[in-house]
2 protein chains.
Amino acid sequence: MDMHELTRELKAHNDSKIIMLVADGLGGLPLTPGGKTELETAHTPNLDELARRGVSGGSIPVKPGITPGSGPGHLGLFGYDPLAYRIGRGALEATGIGFELTARDVAVRGNFCTLDANGNISDRRAGRIESEQSALLAVKLRQVKIPGVEVFVEPVKEHRFVVVFRGEGLGGDVHDTDPQVTGVPPIKPKAMHAASERTAQVAAEFIAQGQKILADQKQANGLTLRGFSAKPALPPYQEVYGLKAAAIAVYPMYKGLARLVGMDIVGKAQTLGEQIDVLIQQWNSYDFFFIHFKYTDSTGEDGNFDAKVKRIEELDSAIPRITALNPTVLVVTGDHSTPSLLKSHSWHPVPTVLVSNVCRTDGCTAFGENEAIRGGLGQFEAKYLMPLALANAGRLGKYGA
Amino acid sequence: MDMHELTRELKAHNDSKIIMLVADGLGGLPLTPGGKTELETAHTPNLDELARRGVSGGSIPVKPGITPGSGPGHLGLFGYDPLAYRIGRGALEATGIGFELTARDVAVRGNFCTLDANGNISDRRAGRIESEQSALLAVKLRQVKIPGVEVFVEPVKEHRFVVVFRGEGLGGDVHDTDPQVTGVPPIKPKAMHAASERTAQVAAEFIAQGQKILADQKQANGLTLRGFSAKPALPPYQEVYGLKAAAIAVYPMYKGLARLVGMDIVGKAQTLGEQIDVLIQQWNSYDFFFIHFKYTDSTGEDGNFDAKVKRIEELDSAIPRITALNPTVLVVTGDHSTPSLLKSHSWHPVPTVLVSNVCRTDGCTAFGENEAIRGGLGQFEAKYLMPLALANAGRLGKYGA
């Protein structure tokens, strides 16, 4: 049974406030076995105080051993089973650049490529064309006109762009046109089933017109399309949890993910301090606040242990302004680990603390990987964090009599 | 979603080596409440060192409270959900005596029984006929000839034997012919559905001819057939994990189980020392090694606490030769607990340690039941051990973007 069948049935309304503070890629590893992680190294008096007052645990983003991308990582935290709900590549790419998908859209990831005189692909990435140059070409592709369909083209980085087809009867299931090898022509768009037939035709027309527009280019005279995907059908927060939810994020990707589950995107914060300002401004307007802090992930991805430690200390210093609001439930967690040692996302459980007046405090006295696994939440799949938060907020009724 | 759908999609290749050392029935119980288990009693400096370097946890073989047999116990460790994949009694029996099943086989467990003058069963186990005597009768049954079907008969212990029917169009689903009571005749073989109709006919013919062959016997003048089963359809290691896998086992059952998931059976070791010799010889030829140590289970089954302690110490002394190979990932675990106190398999979580350079060490300083439950792996279902091992070996890519 989907947990949402339960939360839908049991959800209750009250005036409680829930804050979920997500430090992206929070979990880490020591640089040498037996040493301290980034979080354990950082001086975090405020987070440690939360660990003393709250209940800690290790959040498993998807399943043991599975390393998630940002999409599944956040879906889990938002309470959506990341194995049941999958966000297609095109939809995630559109989300990542802040494109607001509608139910009538099919989003596609586009790549510029180089075609030889015979129409075969000689470079699948158009010689890693520079972003400034490819952005102009993406804008040029907006000239494509397809009857009955709105076409949006947005530049991404280097050889990448996003196309969104908006119209009626456009199914999201079309095979990639990128053959993944050179020396052959791009594949013609092919629908996986009848409901996406029209999308395949629209894509073929886009490619034909696009090819003409690019004909005089040397590097980027062709294009391939990948990851066709409709807007993922995620039931909104209001419906599954009864929560009016706000997202306070800096980067488009996380705003986009929050929007997909029905959160309002509020404020225009650029720093964590500004994000807290927005939180305070919006305090009376929402039941639930998702605050996203990016830099624990980006410093981890850079392999910069010390910088990650500093970013964690920055996060720590923001806590007092949050707790001053006296939220009913405060959760501090991450969507996955990003150990500096690995310079990448990882599968390791994410230290998590939940604070409320009824959370049943454990013996943890600090916020860190080793303390968390001895915590009262044990190890749990991320998707259970929302039901736990709702329960602690008194927003879930009894199951059965 | 099946974990294999994930591992298939995410599997990545590299030169890492994974060793899974399975001490059968490893987990135990103290003889008096509050005392030490067999593992905690044993002097295990090498396993304790692994616990210090690695991450520990308690492996739940199937689900909490469920005691597994050897089949489900090993399927879990191999990463196959033991509730989704079931090995039929006949197939397990055939596997246990080293019979290599093919996709065209139906394996059946046979029992000799005593029939009275009216053809009713007077003894369901032929008076617990001795193995030497019944083995001769099993060999006699090889005289049965059925057109288009190869018939194999292999002795097992006492009144038991195994029949394998090999041919085309033989479904595995036929009801048992053993009525489970005396005073009635054996039941005629009956197919559960059309696809096993032919198997039921073949079985009826086998019984008819067999009955004639046994007619002059006093004790064992009849036979019943149970646990009809085709070779279980387990996707092989290479396909689901991308691993070239070798099994180093002494007993046919464990070789057989490993063969069912596509491992190669290597070496002819009779002792743990010889098993390690084989490991060293085969080190460059495989990605994954399953090493099975039987005696922690058999001493537990005997209720011999001290003997189990000694066997654990034997296991411990083999560790240095294994770690000297510098495997990327070393897992030491068991397929279930076999507490001497219970003289049987049990449901208790099995102490497990996983060692790698990126395992996120916990605070455990010894290998034992009580330490393990405080470990960084927490308690987990055995089926997650393979994804964890793959992740630690860098052999699983990211799920979603």
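The values are calculated or read from the model by the stated rules, or taken from the named source; none is laboratory data. What you see is a predicted model, and the numbers here were worked out from it, not measured in a lab. Cβ placement follows ideal geometry from the backbone for every residue including glycine, while neighbour counts extend to all protein chains displayed.
Condition check ((1) closer than 19 Å to residue B:298 by Cβ; (2) in the same structural domain as residue B:16 (by TED's automatic domain parsing); (3) assigned to a helix (DSSP H, G or I); (4) not hydroxyl-bearing (Ser, Thr, Tyr)) across all residues:
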| residue | (1), (2), (3), (4) |
| --- | --- |
| B:240 | no, yes, yes, yes |
| B:246 | no, yes, no, yes |
| B:250 | yes, yes, no, yes |
| B:253 | yes, yes, yes, yes |
| B:256 | yes, yes, yes, yes |
| B:262 | no, yes, no, yes |
| B:269 | yes, yes, no, yes |
| B:275 | yes, yes, yes, yes |
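Of all residues in segment B:383-401 being outside any helix (DSSP H, G or I) and at the interface with chain A (Cβ under 8 Å from one of its Cβ atoms), which is surrounded by the fewest Cβ atoms within 10 Å (Cβ to Cβ)?
Applying the filter and picking the extreme gives B:397.
Counting only residues that are outside any loop (DSSP other than H, G, I, E, B) and in contact (Cβ under 8 Å) with a residue 60 or more places away in the chain, which one in segment B:141-160 is surrounded by the fewest Cβ atoms within 10 Å (Cβ to Cβ)?
To start, the set of residues in segment B:141-160 that are outside any loop (DSSP other than H, G, I, E, B) comprises B:141-143, B:146, B:149-155, B:160.
Right, trim to in contact (Cβ under 8 Å) with a residue 60 or more places away in the chain and you get B:141, B:143, B:146, B:154, B:160.
Numbers: B:141: 22, B:143: 12, B:146: 15, B:154: 21, B:160: 20.
Taking the candidates together, the pick is B:143.
Please verify whether segment A:350-357 includes one or more residues that are over 28 Å from residue A:309 (Cα atoms), surrounded by fewer than 24 Cβ atoms within 10 Å (Cβ to Cβ) and in the same structural domain as residue A:34 (by TED's automatic domain parsing). Working first, answer last.
First, pick out the residues of segment A:350-357 that are over 28 Å from residue A:309 (Cα atoms): A:357.
This time we only want the ones that are surrounded by fewer than 24 Cβ atoms within 10 Å (Cβ to Cβ), so: A:357.
Checking the rest, the ones that are also in the same structural domain as residue A:34 (by TED's automatic domain parsing) come to A:357.
Taking every residue of segment A:350-357 in turn, at least one turns out to be over 28 Å from residue A:309 (Cα atoms), surrounded by fewer than 24 Cβ atoms within 10 Å (Cβ to Cβ) and in the same structural domain as residue A:34 (by TED's automatic domain parsing).
Only one of (1) within 29 Å of residue A:366 (Cα to Cα); (2) more than 12 Å from chain B (Cβ to nearest Cβ); (3) crowded, with 24+ Cβ neighbours inside 10 Å is not met by residue A:28, so which one is it?
The failed condition is (2).
Could you look through segment B:164-192, keep only residues that are of a type in the set (A, V, I, L, M, F, W, C) and exposed (fewer than 13 other Cβ atoms within 10 Å of the Cβ), and pick out the one that is farthest from residue B:210 (Cα to Cα)?
If we filter segment B:164-192 for residues that are of a type in the set (A, V, I, L, M, F, W, C), which is where we start, we get B:164-165, B:170, B:174, B:181, B:184, B:187, B:191-192.
Applying the additional criterion that residues be exposed (fewer than 13 other Cβ atoms within 10 Å of the Cβ) yields B:181, B:184.
Values: B:181: 21, B:184: 19 Å.
So the residue we want is B:181.
Please verify whether residue A:60 is touching a residue at least 24 places away in the same chain (Cβ under 8 Å) and away from chain B (no Cβ under 14 Å), treating the condition exactly as stated.
Working: touching a residue at least 24 places away in the same chain (Cβ under 8 Å): yes; away from chain B (no Cβ under 14 Å): no.
Criteria not met by residue A:60.
Please specify each residue of segment A:255-276 satisfying the condition of being touching a residue at least 40 places away in the same chain (Cβ under 8 Å) and out of contact with any strand residue (DSSP E or B) (no Cβ under 7 Å at 6 or more places or on another chain).
Answer for segment A:255-276, where residues must be touching a residue at least 40 places away in the same chain (Cβ under 8 Å) and out of contact with any strand residue (DSSP E or B) (no Cβ under 7 Å at 6 or more places or on another chain): A:256, A:257, A:260, A:261, A:273, A:276.
Which pairs have Cβ atoms under 8 Å, sit 6 or more apart or on different chains, and link a residue in segment B:215-228 that is assigned to a strand (DSSP E or B) to one that is basic (Lys, Arg)?
B:224/B:124; B:225/B:109; B:226/B:89; B:226/B:109; B:227/B:89; B:227/B:109
So residue A:102 ticks every box in (1) in a strand (DSSP E or B); (2) closer than 29 Å to residue A:265 by Cα but one. Which box is left unticked?
The number of the failed condition is (1).
Sort through B:172, B:183, B:167 and tell me the only one that's of a type in the set (Gly, Ala, Ser), farther than 17 Å from residue B:103 by Cβ and in contact (Cβ under 8 Å) with a residue 24 or more places away in the chain.
Values: B:172 fails: farther than 17 Å from residue B:103 by Cβ; B:167 fails: farther than 17 Å from residue B:103 by Cβ.
One residue alone meets the criteria, B:183.
Pick from A:108, A:62: which is on the phi < 0 side of the Ramachandran plot and part of a strand (DSSP E or B)?
Values: A:62 fails: part of a strand (DSSP E or B).
When all the criteria are applied, what remains is A:108.
For the structure I just gave you, tell me whether residue B:92 is assigned to a helix (DSSP H, G or I) and more than 27 Å from residue A:66 (Cα to Cα).
Details: assigned to a helix (DSSP H, G or I): yes; more than 27 Å from residue A:66 (Cα to Cα): yes.
Answer is yes for this residue.
Looking for something touching a strand residue (DSSP E or B) at 6+ places or on another chain (Cβ under 9 Å) and under 19 Å from residue B:90 (Cβ atoms) - is there at least one such residue anywhere in segment B:277-297?
no
One residue is enough: does segment B:193-204 have a residue meeting the conditions surrounded by 23 or more Cβ atoms within 10 Å (Cβ to Cβ) and not aliphatic (A, V, I, L, M)?
Yes, that holds for at least one residue.
If you go through segment A:75-90 one residue at a time, how many are more than 10 Å from every other protein chain (Cβ to nearest Cβ) and among the small types (Gly, Ala, Ser)?
3
When you go through A:287, A:297, A:302 one by one, which is the residue that is acidic (Asp, Glu), more than 23 Å from residue A:395 (Cβ to Cβ) and buried (at least 17 other Cβ atoms within 10 Å of the Cβ)? Give the derivation first.
Details: A:287 fails: more than 23 Å from residue A:395 (Cβ to Cβ); A:302 fails: buried (at least 17 other Cβ atoms within 10 Å of the Cβ).
Only one candidate qualifies: A:297.
Going through B:9, B:49 one at a time, which residue ends up being part of a helix (DSSP H, G or I) and buried (at least 18 other Cβ atoms within 10 Å of the Cβ)?
Values: B:9 fails: buried (at least 18 other Cβ atoms within 10 Å of the Cβ).
Testing whether each residue is part of a helix (DSSP H, G or I) and buried (at least 18 other Cβ atoms within 10 Å of the Cβ) leaves just B:49.
Would you mind telling me which numbered condition in (1) outside any loop (DSSP other than H, G, I, E, B); (2) among the hydrophobic types (A, V, I, L, M, F, W, C); (3) surrounded by fewer than 24 Cβ atoms within 10 Å (Cβ to Cβ); (4) away from every other protein chain (no Cβ under 13 Å) residue B:380 fails?
(4)
Anything in segment A:36-46 that is more than 9 Å from chain B (Cβ to nearest Cβ) and not in a helix (DSSP H, G or I)? List them, or say none.
First pass over segment A:36-46, keeping only residues more than 9 Å from chain B (Cβ to nearest Cβ): A:36, A:38-46.
Of everything in segment A:36-46, those that are more than 9 Å from chain B (Cβ to nearest Cβ) and not in a helix (DSSP H, G or I) turn out to be A:36, A:42, A:43, A:44.
Which helices (runs of 4 or more DSSP H) does segment B:281-377 wholly contain that include 3 or more residues that are within 14 Å of chain A (Cβ to nearest Cβ)?
Details: elements: B:295-301, B:305-323, B:369-372.
Hits in segment B:281-377: B:369-372.
Quick check: is even one residue across segment A:116-129 more than 13 Å from residue A:226 (Cα to Cα), of a type in the set (A, V, I, L, M, F, W, C), in contact with a helix residue (DSSP H, G or I) (Cβ under 7 Å, 6 or more places away or on another chain) and surrounded by fewer than 18 Cβ atoms within 10 Å (Cβ to Cβ)?
no
Please go through segment A:277-294 and give me each residue that is of a type in the set (Val, Ile, Thr) and either under 18 Å from the mean Cα position of the chain (by Cα) or outside the structural domain of residue A:328 (by TED's automatic domain parsing) (or both), ordered by number.
Let us first name the residues in segment A:277-294 that are of a type in the set (Val, Ile, Thr), namely A:278, A:280, A:291.
Once the filter is applied, which keeps residues that are of a type in the set (Val, Ile, Thr) and either under 18 Å from the mean Cα position of the chain (by Cα) or outside the structural domain of residue A:328 (by TED's automatic domain parsing) (or both), segment A:277-294 yields only A:291.
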